[in-house]
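These notes are about the structure you will find just below.
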Amino acid sequence: MANSDSTASLPLASSKENMTPIASKITELNESRTELLSRIQGLKQDLQNWRTKLDTQVKVYRDELSDLKKTLNDEVEQLRSEFQDLRSTLHQQQEDVTASLRNLGLQDDSGDSKHPQSQETKIEEVDQEEQQILPKEDNAKVAEE
């Protein structure tokens, strides 16, 4: 039976020897697992920081775009108003020129076919007459207009 005792104790000894490498492997795997979890946590934190920065940047850009849009709309509205004023001024000037031509008797009469004259020619003649009548400083003002 001594032989059987020695053979029976042999597997126990070899299993203890096998346990040591397994325990070190388990410890190594646990350390690796802890390191990987730590890395994952760091990456999650980096991702969260990146998202926060990105959200902030997007908000800043949206605010800037909103300001630019408001400024552009204000400028477009101002241009529309200025064009409307210009249109009104031009219309008024056209009416004034027409009235001046009527007053000077230069308006085209449908019955006056002997001396057909274009409106541009009549306006040029009236302009020349005004320049001859007005003093020189008034001529400069007229020319500027």
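The numbers here are math on the coordinates, done by the rules we state, and not lab data. Computed from a predicted structure; not experimentally measured. Using ideal geometry, Cβ is built from the backbone for each residue, glycine included, and neighbour counts are taken over all protein chains shown.
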Each label sits 7 Å from Cα toward the beta-carbon; between LEU43 and LYS25 the label points are separated, in nm, by 2.6
Rounded to one decimal in nm, the spacing of the 7 Å Cα→Cβ label points at GLN57 and LEU79 is 3.2
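So if we plug the beta-carbon distance of LEU72 and GLU95 into 1/(1 + (r/R0)^6) with R0 = 30 Å, what FRET efficiency do we get, rounded to 0.05? Each step should come with its number before you reach the end.
Values: r = 35 Å, r/R0 = 1.15.
Efficiency computed from Cβ-Cβ geometry: 0.30.
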